[in-house]
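Quick notes on the structure that follows.
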Amino acid sequence: MKYFIDFEATQFSGEIISIGCVDETGREFYTLLKPVKMRHITDFILDLTHISREEIAAAPDADTAFTAFLDWLRQDETADFYCYGDSDAVFLSRTRRHLKTFRAQLGLSMILGGLNDFSVDVKKHFGLKTSIALKKVVAYYRGGDVEQTHNSLADALFLKEVYEKSRNEEVVGTPFPEYRSGANLPKIKKLIKAVKGNVRMEFTSYGKAADWVMSEQLSVRDTVNDKTKSKVCSRIVNAAEKERPYCGFEWSIEKPQDNLPAAQ
């Protein structure tokens, strides 16, 4: 049995706060989880997921949630789990250390042991040189823009849709030219990456990265100036060097050897 799964988690500690899953027949599972420490829930995550602090406070703990998930699984079949991106495995590993009961540990371990990152398959399917956001692939198949609410069940359903539509598809042309390599593209000297869950952004300069942070992540639209932009650039560099999140994203700086296009 194939299961398509997604998680939302606390911003810095990476503790799971919601599980969304759908199996290949369409059966659905969804629950919120209360983290060990409520103070780990930031306003950024609440705004991103549209979950209230009160809803999370009233949710079952991780032991109860993963036990319920184990009961929901079809026990008589081999379980293969598909996620999108490499963050879900990190969230599972960080949450597992808080579990106390055997059945909850078994439920989580089944997911972790059978987890497949389908973003790798999507990348190969379209012949891309860099990973692409799940939302963009869904929009491609639907033929128009889609709204991503960062609800774990909604994202699991997105993933199931992409899996089913890509399985027997023969790709014609170049659906995502900005993610492919090309001989005539300008050489990129620096690639700044920002990653959070299924959201992956790439920039070819600190200035472009700072512009995106200021326009999309910070409430500084009325006070943007060169000094503000310089501070944001410094914080991006600092976050990448010290491997610490900034604005909820993990940052890295690379010097690509290939002639790669940027996504932004």
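With springs connecting C-alpha atoms under 10 Å apart, model the chain as a Gaussian network and identify which of THR149, THR78, THR130 has the largest mean-square fluctuation.
Comparing THR149, THR78, THR130 in the GNM, the peak value goes to THR78.
Where the centroid of each part is defined by its Cα atoms, how far is region 3-47 from region 74-102 in Å?
A separation of 12 Å, based on Cα centres.
Can you bin every Cα-Cα distance in the chain into 10 Å intervals starting at zero and give me the percent of pairs per bin, rounded to whole numbers?
Pair shares across the bins are 6, 27, 33, 24, 9, 1, 0.
For each of MET1, MET214, count neighbouring Cβ atoms within 10 Å of the residue's Cβ, then give the residues from fewest to most.
Numbers: MET1 14, MET214 18.
With the sparsest Cβ surroundings first, the list reads MET1, MET214.
Show me the trypsin sites (Lys or Arg not before Pro) within region 77-169 that DSSP assigns to loop and that have at most 10 other Cβ atoms within 10 Å of their Cβ.
On the way: sites: ARG94, ARG96, ARG97, LYS100, ARG103, LYS123, LYS124, LYS129, LYS135, LYS136, ARG142, LYS160, LYS165, ARG167; in loops: ARG97, LYS100, LYS129, ARG167.
Taking region 77-169 and a limit of 10 other Cβ atoms within 10 Å, the loop trypsin sites (Lys or Arg not before Pro) found are ARG97, LYS100, ARG167.
So, R0 is 41 Å and r is the distance between the beta-carbons of MET1 and PHE44; what FRET efficiency does that work out to, to 0.05? Could you put the intermediate results ahead of the total?
Working: r = 35 Å, r/R0 = 0.85.
So the FRET efficiency works out to roughly 0.70.
Can you give me the three principal axis dimensions of region 63-104 from its C-alpha atoms, in Å, biggest first?
Cα spread of region 63-104 along its principal axes, largest to smallest: 28, 25, 12 Å.
Can you pull the percent of Cα pairs in region 29-96 with separation above 15 Å?
Details: 1463 of 2278 pairs.
Within region 29-96, distances greater than 15 Å cover 64 percent of Cα pairs.
Every number here is computed from the coordinates shown, using simple stated rules; none is lab data. Computed from a prediction, not measured in an experiment: that's the story for all the values here. Note that each Cβ is placed from the backbone with ideal geometry, even for glycine, and that neighbours are counted across all protein chains shown.
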